[in-house]
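J.: Below are the structure tokens for one structure; questions will follow.
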Amino acid sequence: MTIRLGDIAPDFEQDSSEGRIRFHEWLGDSWGILFSHPADFTPVCTTELGFTAKLKDEFAKRGVKAIALSVDPVDSHLKWIDDINETQNTAVNFPIIADADRKVSDLYDLIHPNANDTLTVRSLFVIDPNKKVRLTITYPASTGRNFHEILRVVDSLQLTDNYKVATPANWQDGDEVVIVPSLKDETEIAQRFPKGYRAVKPYLRLTPQPNK
Ligand code: BEZ
């Protein structure tokens with residue numbers, strides 16, 4: 001099944017390195033990052049999961065729960081976690097789904113047969129507290145993802161939801177942001193953005209980041 005932006009993230013029940021997971025129940029009111037990796041005991045995946053563990057405080061600050069997935073079974077995940085902790089100098093602090101029967105992989109279209117007919121690709125979904133999918137990315141097996149970029153997208157999505165702003169190219173936390181084009185009422189704009197804004201063009205209005 002293809003997952004598109006705005007879709008409700010499919011719910012599932014599956015085993016994981018931290019026991020049985022009922023996905024929606026596990027998410028609760030949090031944001032979620034569900035990401036698949038090709039296989040346990042592979043080098044790039046080892047660095048990705050280690051780095052994700054190190055971002056624990058950054059995820060917590062944003063109200064985000066992380067969960068990984070591959071088609072390996074629980075006993076393999078548990079042995080591999082020891083390696084991740086040892087080699088990446090961390091402690092894996094999120095569940096890894098054991099999708100040996102490919103139930104979740106099929107639901108989320110994580111096996112791309114023309115890339116590899118058995119292993120999951122490197123896909124990632126950001127899911128909001130309403131269980132809506134807000135970001136999808138798929139990377140090749142040979143390229144580790146940039147998890148700082150994932151945090152940057154979460155920051156941008158949360159700014160949009162909370163302040164009616166969007167973020168321009170290469171935006172970093174603290175940079176100017178863009179007032180969403182649908183916001184036209186000058187009284188509302190003045191209330192929302194007391195620091196003012198500058199209109200480079202009528203459709204390109206920049207304002208200081210509201211939560212700074
Ligand atoms: C890795 O995680 O290192 C990897 C997995 C599959 C293919 C290439 C690299």
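Condition check ((1) more than 16 Å from the ligand (Cβ to nearest atom); (2) open to solvent by 10 Å² or more (accessible area, probe 1.4 Å); (3) under 17 Å from Trp80 (Cβ atoms)) across all residues:
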site	(1), (2), (3)
Asp7	yes, yes, no
Glu18	yes, yes, yes
Arg22	yes, yes, no
Ala39	no, yes, yes
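J.: Follow-up. Give Val178, Val200 a once-over and let me know the one that is aliphatic (A, V, I, L, M), within 23 Å of Asp128 (Cβ to Cβ) and more than 22 Å from the chain's Cα centre (by Cα).
T.: Values: Val200 fails: within 23 Å of Asp128 (Cβ to Cβ).
Residue meeting the stated conditions: Val178.
J.: Let me ask you something else. Report, by residue number, each residue of segment 38-91 that is hydroxyl-bearing (Ser, Thr, Tyr) and in contact with a strand residue (DSSP E or B) (Cβ under 7 Å, 6 or more places away or on another chain). Walk me through how you get there before you give the answer.
T.: At the first step, the residues of segment 38-91 found to be hydroxyl-bearing (Ser, Thr, Tyr) are 42, 46-47, 52, 70, 76, 87, 90.
Answer for segment 38-91, where residues must be hydroxyl-bearing (Ser, Thr, Tyr) and in contact with a strand residue (DSSP E or B) (Cβ under 7 Å, 6 or more places away or on another chain): Thr52, Ser70.
J.: With respect to Lys212, determine if the residue is open to solvent by 40 Å² or more (accessible area, probe 1.4 Å), modelled with pLDDT under 95 and touching an Asp or Glu at 6+ places or on another chain (Cβ under 9 Å). Give the steps one after another, and end with the answer.
T.: Working: open to solvent by 40 Å² or more (accessible area, probe 1.4 Å): yes; modelled with pLDDT under 95: yes; touching an Asp or Glu at 6+ places or on another chain (Cβ under 9 Å): yes.
Criteria met by Lys212.
J.: Looking at the structure I just gave you, is Asp83 closer than 24 Å to Arg4 by Cβ, in a helix (DSSP H, G or I) and either touching a residue at least 12 places away in the same chain (Cβ under 8 Å) or within 13 Å of the ligand (Cβ to nearest atom) (or both)? Write out each step before concluding.
T.: Details: closer than 24 Å to Arg4 by Cβ: no; in a helix (DSSP H, G or I): yes; either touching a residue at least 12 places away in the same chain (Cβ under 8 Å) or within 13 Å of the ligand (Cβ to nearest atom) (or both): yes.
The answer is no for Asp83.
J.: Something else now. Given the criteria closer than 16 Å to Ala9 by Cα and either in contact with a Phe, Trp or Tyr (Cβ under 8 Å, 6 or more places away or on another chain) or more than 15 Å from the ligand (Cβ to nearest atom) (or both), does Val92 qualify? Don't jump to the end; show me each part of the working.
T.: Values: closer than 16 Å to Ala9 by Cα: no; either in contact with a Phe, Trp or Tyr (Cβ under 8 Å, 6 or more places away or on another chain) or more than 15 Å from the ligand (Cβ to nearest atom) (or both): yes.
The answer is no for Val92.
J.: Would you confirm, using the coordinates I've provided, whether Leu110 is within 16 Å of the ligand (Cβ to nearest atom) and assigned to a strand (DSSP E or B)? Steps first, please.
T.: On the way: within 16 Å of the ligand (Cβ to nearest atom): yes; assigned to a strand (DSSP E or B): no.
Criteria not met by Leu110.
J.: When both residues are 6+ apart or on different chains and their Cβ atoms are under 9 Å apart, which pairs have a first residue that lies in segment 170-181 and is farther than 15 Å from Arg192 by Cα, and a second that is open to solvent by 70 Å² or more (accessible area, probe 1.4 Å) and of a type outside the set (A, V, I, L, M, F, W, C)?
T.: Qualifying pairs under 9 Å: Asp173/Lys212; Gly174/Lys212.
J.: Any residue in segment 124-151 that is assigned to a loop (DSSP other than H, G, I, E, B) sitting within a Cβ distance under 6 Å of a residue that is small (Gly, Ala, Ser) and surrounded by fewer than 13 Cβ atoms within 10 Å (Cβ to Cβ)? List the pairs, counting only those 6 or more apart or interchain.
T.: Listed by first residue and then by second, the contacts come to nothing, as the list is empty.
J.: Looking only at segment 114-136, count how many residues are within 16 Å of the ligand (Cβ to nearest atom), open to solvent by 10 Å² or more (accessible area, probe 1.4 Å) and of a type outside the set (Asp, Glu). Break it down stepwise before answering.
T.: We begin by selecting, within segment 114-136, every residue within 16 Å of the ligand (Cβ to nearest atom); these are 114-124.
When the remaining residues are screened for being open to solvent by 10 Å² or more (accessible area, probe 1.4 Å), the result is 114-119, 121.
Narrowing further to those that are of a type outside the set (Asp, Glu): 114-116, 118-119, 121.
Going through segment 114-136 one residue at a time, the tally reaches 6.
J.: When segment 137-164 is examined, which residues are found to be acidic (Asp, Glu), open to solvent by 40 Å² or more (accessible area, probe 1.4 Å) and under 19 Å from Asn211 (Cβ atoms)?
T.: Initially, segment 137-164 is screened for residues acidic (Asp, Glu), giving 149, 155, 161.
Going one step further and asking which of them are open to solvent by 40 Å² or more (accessible area, probe 1.4 Å), we end up with 149, 161.
Across segment 137-164, the qualifying residue is only Asp161.
J.: Being more than 12 Å from the ligand (Cβ to nearest atom) and open to solvent by 40 Å² or more (accessible area, probe 1.4 Å) is the filter here, so list the residues in segment 41-73 that pass it.
T.: Phe51, Lys54, Lys56, Asp57, Glu58, Ala60, Lys61, Arg62, Lys65, Pro73
The values are calculated or read from the model by the stated rules, or taken from the named source; none is laboratory data. From a predicted model like this one, the values you see are computed outputs, not experimental measurements. FYI the Cβ positions are ideal-geometry reconstructions off the backbone, even for glycines, and counts take in every protein chain you see. Keep in mind that these areas ignore ligands, DNA and RNA; they rest on the heavy atoms of the full protein, side chains included. Shrake-Rupley method; radii C 1.70, N 1.55, O 1.52, S 1.80 Å.
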